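The values are calculated or read from the model by the stated rules, or taken from the named source; none is laboratory data. The shown structure was predicted, so the numbers you read here are calculated from the model rather than taken from an experiment. Every residue, glycine among them, receives a Cβ derived from its backbone with ideal geometry; neighbour counts consider all protein chains shown. Just so you know, the surface numbers come from the protein's heavy atoms only, side chains and all, with ligands and any DNA or RNA stripped out. Shrake-Rupley method; radii C 1.70, N 1.55, O 1.52, S 1.80 Å.
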Amino acid sequence: MTSELGALGQPRSRLTTLFARYRYAGAALDQIALSVFGFALNLCLLRTLSATDYGIVSLWMTMSLFAVSVQAALVNGPLNIYLPGAEPETARRLESALATVNLIVVLATAAIAGAINFAVDAEWASHDTLTLIAIPLFVAAGMYREYYRSTAFSRHDMAMLLWIDSPYLAVTSACLVAMVIWPQRFADLAAAFLAMSIGCLVSQLCVRARGANGHYCAERRLFRDGWIGTYRRISGEVAWSLVGVVANHAENRSYVYIATSLVGMASLAAINAIGILFRPVSVLVNAWGQSALPHLSGALANGRMDEFDRTLGRALIATAIGSVALGAVLWLAWKPIDHYLLADKYGDGILLLWPWAAASGANVLRYVGSTGLMAAREFKFLAKAQTVCGALAAAATAGFILWQGYTAAMWGIAIGNAVCFVWEMWRLRGVRQRLIASAQAD
């Protein structure tokens, strides 16, 4: 019987080993699929919803992204930074504490989202019963999916990542197809939020079913004795990371709230419609960051500076080349893109193209630099730098909108990210020199 069970387990073991060996390739392929899917998802929403409704969905997607960023500071970041080098028992306790904190954060965030949507009387708040339920469900489901994805990255378990993302892609795609085929029945706000939530829920069920008797859930026992003390040990650095997340959101997403206040939901829809076109580069760079952060942390912890420099340098070069190439392709192919992808809904879109190219390029370069600094646990510096640059980006965005209209909004974001990137490179240079001097002294 034991041999039979062993034989049954061999294919899974071999598959897990294969994914572990090629984890960067696996992460890249996974993110390519997510990038293509995210592009298609937004295009479906853009084409099936009115400009105002698409603006409302875009705003809530931005709020959900902010919630995921807060979760990343409190939970997902520590999973990738502290767990890779921890002793087994310490890792189990920390993972249990992080799972408990994650549950609290998700429930609190969903409740806040629902309360805000219910209480606020604004263009972007919907008060029908189904949408009131769909919005907090959308926020909570997305946060739990990101938690499981971060767990997979922290363990270098690309097989787990496949079990998370494959059901999500399949189920959500089916929901989007229904929206496109039967727009008279499904092309509304509630259907849009539910379409983006159901796949997340099915994904979680698949992971739990596969790992019910394995190691996927064993270390994540909720409210384990001493979980508060375990989490308190990392709370100082986490607090600075949280400040950085808030500042980073202001640096990159302040245009959403400023445009909503100054020019309305239809103009926000136009800005975000062009932003969709630049999504592939940012998604791929985010994928690199999730997969590379544990690797960079381990390289620094073990004094492998050459490996750290090589990984970061290659990422910066590839990111710069990819950003320039994408901007050039979009400019050259603008007319068919405007007609076939954007359905001729956004006539001023070409005026947003170069501001978005500058903002997107500066953002992804800054993200690569911040990943290196996170690996070095420079949370305090990142918090300060992103606070300053976030305020700069918000002020510049408001100024450009008031000066030249909504089509100039992204120049403000580009300025904030460019300043932050230069500042991060200067800091990384100092970090390297300090670590090299420390290694030589030992």
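Give me the pairs, please: first residue somewhere in the stretch 369-381 and more than 16 Å from Asp309 (Cα to Cα), second residue anywhere and surrounded by fewer than 21 Cβ atoms within 10 Å (Cβ to Cβ) and among the basic types (Lys, Arg), beta-carbon distance under 6 Å, and either six or more positions apart or on two chains.
Listed by first residue and then by second, the contacts come to Phe381/Arg427.
Could you check how many residues of the stretch 404-419 are open to solvent by less than 10 Å² (accessible area, probe 1.4 Å), under 20 Å from His249 (Cβ atoms) and in contact with a Phe, Trp or Tyr (Cβ under 6 Å, 6 or more places away or on another chain)?
Adding up the residues that qualify gives 4.
Could you pull out every one of the helices (runs of 4 or more DSSP H) wholly within the stretch 221-335 that has 1 or more residues that are open to solvent by 30 Å² or more (accessible area, probe 1.4 Å), of a type in the set (Phe, Trp, Tyr) and at pLDDT below 90?
227-232, 235-262, 279-301
Counting only residues that are open to solvent by less than 30 Å² (accessible area, probe 1.4 Å) and in contact with a Pro (Cβ under 8 Å, 6 or more places away or on another chain), which one in the stretch 84-112 is nearest to Trp288 (Cα to Cα)?
Leu98
Quick one: which residue in Ala73, Ala20, Ala7, Ala27 is open to solvent by less than 10 Å² (accessible area, probe 1.4 Å), modelled with pLDDT under 75, assigned to a helix (DSSP H, G or I) and not polar (S, T, N, Q)?
That would be Ala27, the only listed residue that is open to solvent by less than 10 Å² (accessible area, probe 1.4 Å), modelled with pLDDT under 75, assigned to a helix (DSSP H, G or I) and not polar (S, T, N, Q).
Quick one: would you say Phe400 is under 16 Å from Val246 (Cβ atoms) and either out of contact with any strand residue (DSSP E or B) (no Cβ under 6 Å at 6 or more places or on another chain) or open to solvent by 60 Å² or more (accessible area, probe 1.4 Å) (or both)?
no
Does Arg427 meet the test of being open to solvent by less than 50 Å² (accessible area, probe 1.4 Å) and charged (D, E, K, R)?
no
Can you name every residue in the stretch 146-173 that is on the phi < 0 side of the Ramachandran plot and open to solvent by 20 Å² or more (accessible area, probe 1.4 Å)?
Across the stretch 146-173, the qualifying residues are Glu146, Arg155, Leu162, Trp163, Ser166, Pro167, Tyr168, Leu169, Ala170, Val171, Ser173.
Can you tell me how many residues within the stretch 336-367 are assigned to a loop (DSSP other than H, G, I, E, B) and either in contact (Cβ under 8 Å) with a residue 24 or more places away in the chain or of a type in the set (A, V, I, L, M) (or both)?
5
Run down Phe193, Phe153 and say which single residue is closer than 27 Å to Gln290 by Cα, touching a Pro at 6+ places or on another chain (Cβ under 9 Å) and among the aromatic types (Phe, Trp, Tyr).
Exactly one of Phe193, Phe153 is closer than 27 Å to Gln290 by Cα, touching a Pro at 6+ places or on another chain (Cβ under 9 Å) and among the aromatic types (Phe, Trp, Tyr), namely Phe153.
Are any residues in the stretch 50-88 of a type in the set (Asp, Glu) and touching a residue at least 12 places away in the same chain (Cβ under 8 Å), and if so, which ones?
Asp53
Being open to solvent by less than 50 Å² (accessible area, probe 1.4 Å) and assigned to a helix (DSSP H, G or I) is true for just one of Ala383, Ala437. Which residue is that?
It is Ala383.
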